[in-house]
Amino acid sequence: MNNPEKTGGHNPASITTPKGAEAPDTSPDGSEQQVEPRITIAEDLLERPESAPGAVSGASAKLVTKDMHFFYGDFRALRNISIEIPENRVTAIIGPSGCGKSTLLRCFNRMNDSISGARLQGQVLFNNMDLYAPGVDPTEIRFRIGMVFQKPNPFPKTIYDNVAFGPRINGFKVDMDQLVEESLRRAALWDEVKGRLKDRALTLSGGQQQRLCIARTLAVQPEVILMDEPASALDPVATQAIEDLIRVLTQRYTIVIVTHNIQQAARISHRTIFMTMGDDRAGFVVETGETRQVFTVPKDERTEAFITGRFG
Amino acid sequence: MARNRRARRLSEGTIHTLLLLCALVSIITTVGIVVTLLTESVNFFRQVPVWDFISGTRWTPNFADQSFGVLPLIGGTLLVAVGASIVALPVGLATAIFLSEYAPDRLRRVLKPALEVLAGIPTVVYGYFALTFITPNFVRFLNPDAAVFNAFSAALVMGIMIIPMVSSLSEDAMAAVPRSLRDGAYALGANRLQVSLRIVVPAALSGIIASFILAISRAIGETMIVTIAAGAVPNLTANPFEGVQTMTAYIAQTSLGDTPQGSIEFLTIFAVAMTLFVITFLLNIVANLVVRRYREVY
Amino acid sequence: MALAPGAFARHRSAMRKRAAVFYSLILTATLLGLVVLAVLIVDVFRDGARWLDWDFITSFPSRFPARAGIKSAIFGTIWLMGFTALFAFPIGVGTAIYLEEYAPRHWLIQILQLNIANLAGVPSIVYGILGLTLFVRAMSLDRSILAGALTIALLVLPIIIIAAREAIKAVPNSLREGSYALGATRWQTIWHLVLPQALPGILTGTILALSRGIGETAPLLMIGALTFIAFTPASPLDPFTVLPIQIFNWTGRPQDEFRGLAAAGIIVLLGILLLMNTGAVLLRNKFQRRDEG
């Protein structure tokens, strides 16, 4: 029988930060404190200077994959992926359709776990800890690494309950009204919905729904946000709003975005990962680098072919 | 050629008419049921005031001191139906959650038909099982003073019988909840329990409620289990270890006797059946409305 | 330093415990029905197996348990189901064809569909009352096979209609358009293309509907089929008994021997149902495989 809550171990706090990394909210013994997630509401968005674009050397790797292979049953979907995702940057993953961009993205928060026959080889490190080590609880990973999907998928609940869902299931004991407002503000949706928080989320437009999904993700205060073509189902105006939002969010979060749209990658990302697939349809990484470099002086001719539109 | 075409058109018309007649059989059936029940019920209510029937607490058509209060029969029906619901609704819903959210595909393909077998076993077999196995081995174990014919045994077995009604309709409703909603919740750190109870069940609620109502309606209309195992004494009680008579059991048991046709005792069958028909018909309509009105748009 | 310390860790650990408890609860619930089913089958075999022999199949009912059998019930069941199929199959399929292929989009049709769904939910004993009034009395068919078959036919009709509609709906529209494009009439298209395609599905649904009808007891009690029958029917106007009625009759008697006979009857009835359902499943599988090939 397939017990879905396979955690494999008895160590709920198995994910730890590397030595020296800041973990500002934990009391030394960790016993008597209130549940106090790493949320400081209305914190100045610009307080982290090292997050400014361009300060590459200052950024540490938030997510790292080492010799990672991914299989669906016998089919190898990803081959030998070794990449680094720097902190507080937007990293874009581009490549022809079917090359495994989304699969790679879903390796970072173990969303592939629920697919039967899915198997990962190699390592995926988050803050230097192996996400696939035995004893790691996938639900805990997903709460620290948020995800926004291609098609807006608000829950059939009110706007308020959509945003409050994550904090509630994760046991946050905070002023929920304030957290909901703050999350909606950060997702640049507050002004449009503040009078109708009790309306059904499905009454919002597509672009609003997607920003609501982003707000929902922000409410659990993740360190990383994975975005799987978040604007592909939206019209140009809504896309613009999402892109503006992503720029602001960079100052606080590490963002990995899969996109079909090469111009979008060029507009919003600091770093770019270009993937393609081999004759066996297994996806692999061709080139990674600063977005400016990848788009102006690509090292690999396949990259050049793709971004100039001659391929894919 | 022209004649051939005319012949073709003629037979097309005939066939259309024949098929329409087939479809009308269903309408005629409904009309037949309503007219039958109504005519004889009207005859009954010429002799017994409607209010006495609805509000009376004694049902003794076969005694010298005749009384036609239907409440003991409705009470008996409710006692068994509520008991069956206490078994079937939670178990059926839990089964649906297991099948839809937890079971791997291969297991589901085995479990679903296996559960459907429960609904396919003839009710007379369940009646036999309730009377000869559940009552002596289980009900008497819980309460040694329980009557040979008791509501508990019938309710329990009926509950088991309607589990698949709840589970398969509820599972259909859950299967219609898009995967993207589950992904959205998982991506926020929800575990499977939270996804099931906070996302899938609320989103499928209208279908789940409809399955509940249909199962209750089925329990109210079921005849053989109660006729065999629940007793034949109209008894307004809330004690499941006593014998009760349900509306269906009264109809069946009276038809077995030698009640003279046209007598007031005979007419009671129709009045009780009318009551039964109205209750189940309303429940079915409500279930249909629930599904239609509250169908979620995802 | 742990990232999820203190109360957070406690919440996560509580979440995991709740999840484990919930999992065992719903697994138990799922197995409950199957366990009871197994107990039922074992119990019936324990009670009835020793009464089940060839004499049991070939003897008529009797006051003496040792001599009693189900010959008349088996014959009655076969007669009854034959005539039920004869009435219910064409009318059910006809209704389905009408609704899927002919019916205009009209509110009357909506009512008709709603009506069929509601008929499927009418208690079977109510059908018995209809049968008693309409077939036994008004049409003077008395307590005959014909009256029983007509009653059961009305009862299973909604099931056949619903199954046949599903099967017809599954036939791709391109097939119909291709036929119309060749100048075929609507009925030619249905008869030569749609029905052959839909037939396995229709037959599967019909077998399942008849297996529902075979187990029905209450409506037949209503039309007065609970009588002592020690002969096999020779015409559809003869009185009859069927297996469920015989089982009911024996179950109601206090002596253990008759309970044993009832259990033996149940084994035979369940055996027949198993055969019919296996047939339906095989038919469906064969159909699916042919579809893929």
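Just to be sure before I move on: is C:ARG186 surrounded by fewer than 19 Cβ atoms within 10 Å (Cβ to Cβ), touching a helix residue (DSSP H, G or I) at 6+ places or on another chain (Cβ under 8 Å) and in contact (Cβ under 8 Å) with a residue 24 or more places away in the chain in the structure I sent? Criteria met by C:ARG186.
Has region C:49-61 got any residue that is hydroxyl-bearing (Ser, Thr, Tyr), surrounded by fewer than 20 Cβ atoms within 10 Å (Cβ to Cβ) and in contact (Cβ under 8 Å) with a residue 12 or more places away in the chain? Yes, that holds for at least one residue. For region C:143-247, the helices (runs of 4 or more DSSP H) that sit wholly inside it and include 2 or more residues that are aliphatic (A, V, I, L, M) are C:145-169, C:173-181, C:195-214, C:218-222.
Yes or no, residue by residue, for (1) more than 10 Å from every other protein chain (Cβ to nearest Cβ); (2) over 28 Å from C:LEU261 (Cα atoms); (3) free of Cβ contacts under 8 Å to residues at least 60 places away in the same chain:
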site	(1), (2), (3)
B:GLY127	no, no, no
B:THR135	yes, no, no
B:MET174	yes, yes, no
B:ASN191	no, yes, yes
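Of all residues in region A:187-216, those that are without any contact (Cβ under 8 Å) to a residue 12 or more places away in the chain have Cβ atoms under 7 Å from Cβ atoms of residues that are in a helix (DSSP H, G or I) and surrounded by 22 or more Cβ atoms within 10 Å (Cβ to Cβ), 6 or more apart or on another chain, in A:TRP190/A:LEU184. Of the residues in region C:108-120, none is in contact (Cβ under 8 Å) with a residue 60 or more places away in the chain and either more than 14 Å from chain B (Cβ to nearest Cβ) or surrounded by 21 or more Cβ atoms within 10 Å (Cβ to Cβ) (or both).
Of the residues making up region A:300-309, one or more are surrounded by fewer than 16 Cβ atoms within 10 Å (Cβ to Cβ), on the phi > 0 side of the Ramachandran plot and of a type outside the set (D, E, K, R).
When region A:91-148 is examined, which residues are found to be within 22 Å of A:ILE246 (Cα to Cα) and among the β-branched types (Val, Ile, Thr)? A:THR91, A:ILE93, A:ILE94, A:THR103, A:ILE141, A:ILE145, A:VAL148 - these are the residues of region A:91-148 that are within 22 Å of A:ILE246 (Cα to Cα) and among the β-branched types (Val, Ile, Thr). In the set (1) out of contact with any strand residue (DSSP E or B) (no Cβ under 9 Å at 6 or more places or on another chain); (2) free of Cβ contacts under 8 Å to residues at least 60 places away in the same chain; (3) assigned to a helix (DSSP H, G or I), A:VAL294 fails one condition alone, (1). May I ask you to verify whether A:ARG247 is touching a Leu at 6+ places or on another chain (Cβ under 7 Å) and assigned to a helix (DSSP H, G or I)? Judged against the criteria, A:ARG247 is not a match. On the stretch given as region A:119-143, residues that are within 14 Å of another protein chain (Cβ to nearest Cβ), among the hydrophobic types (A, V, I, L, M, F, W, C) and out of contact with any Ser or Thr (no Cβ under 9 Å at 6 or more places or on another chain) total 4. The residues listed here are B:VAL148, B:VAL177, B:VAL166; of these, the one that is farther than 21 Å from A:ASN153 by Cα, β-branched (Val, Ile, Thr) and not in a helix (DSSP H, G or I) is B:VAL148. What is the residue count in region B:23-75 for residues that are more than 14 Å from chain C (Cβ to nearest Cβ), of a type in the set (Gly, Ala, Ser), surrounded by 13 or more Cβ atoms within 10 Å (Cβ to Cβ) and without any contact (Cβ under 8 Å) to a residue 24 or more places away in the chain? Going through region B:23-75 one residue at a time, the tally reaches 3.
Restricting attention to region C:232-273, the residues that are out of contact with any strand residue (DSSP E or B) (no Cβ under 9 Å at 6 or more places or on another chain), more than 19 Å from B:ALA249 (Cβ to Cβ), surrounded by fewer than 17 Cβ atoms within 10 Å (Cβ to Cβ) and more than 10 Å from chain B (Cβ to nearest Cβ) add up to 5. Only one of the numbered conditions (1) free of Cβ contacts under 8 Å to residues at least 40 places away in the same chain; (2) aliphatic (A, V, I, L, M); (3) in a loop (DSSP other than H, G, I, E, B) is violated by B:ILE199, and that is (3). Among the residues of region C:121-134, the one identified as among the polar types (S, T, N, Q) and either touching a residue at least 24 places away in the same chain (Cβ under 8 Å) or farther than 23 Å from B:ILE269 by Cβ (or both) is C:SER124.
Of everything in region C:87-107, what is surrounded by fewer than 18 Cβ atoms within 10 Å (Cβ to Cβ) and closer than 18 Å to B:ILE28 by Cβ? Give them in sequence order. C:PRO90, the sole residue that qualifies. Evaluation of C:ALA181 against the conditions (1) surrounded by 13 or more Cβ atoms within 10 Å (Cβ to Cβ); (2) at pLDDT below 90 shows that the sole unmet condition is (1).
Taken over region A:162-180, the criterion of being crowded, with 19+ Cβ neighbours inside 10 Å and not hydrophobic (A, V, I, L, M, F, W, C) is satisfied by A:ASN162, A:GLY166, A:PRO167, A:ASN170.
Kindly indicate whether C:ALA153 is surrounded by fewer than 17 Cβ atoms within 10 Å (Cβ to Cβ) and either within 14 Å of chain B (Cβ to nearest Cβ) or not hydroxyl-bearing (Ser, Thr, Tyr) (or both). No; evaluated as a whole, the condition is false for this residue. Answer yes or no as to whether B:SER11 is more than 8 Å from every other protein chain (Cβ to nearest Cβ) and closer than 30 Å to C:VAL156 by Cβ. Judged against the criteria, B:SER11 is not a match. From the list A:ARG281, A:ARG216, the one residue that fits, being within 24 Å of A:MET111 (Cα to Cα) and within 18 Å of the chain's Cα centre (by Cα), is A:ARG216. When C:ARG10 is tested against (1) within 14 Å of chain B (Cβ to nearest Cβ); (2) under 30 Å from A:GLN221 (Cα atoms); (3) at pLDDT below 95, just one condition goes unmet, and that condition is (1). Just one residue in the set B:PRO144, B:PRO178 is over 20 Å from B:SER85 (Cβ atoms) and either within 14 Å of chain A (Cβ to nearest Cβ) or at pLDDT 95 or above (or both); that residue is B:PRO178.
The values are calculated or read from the model by the stated rules, or taken from the named source; none is laboratory data. Because the structure is predicted, anything quoted here is derived from the model rather than measured. Cβ coordinates were reconstructed from backbone atoms using ideal geometry, including for glycine residues, and neighbour counts include every protein chain displayed.
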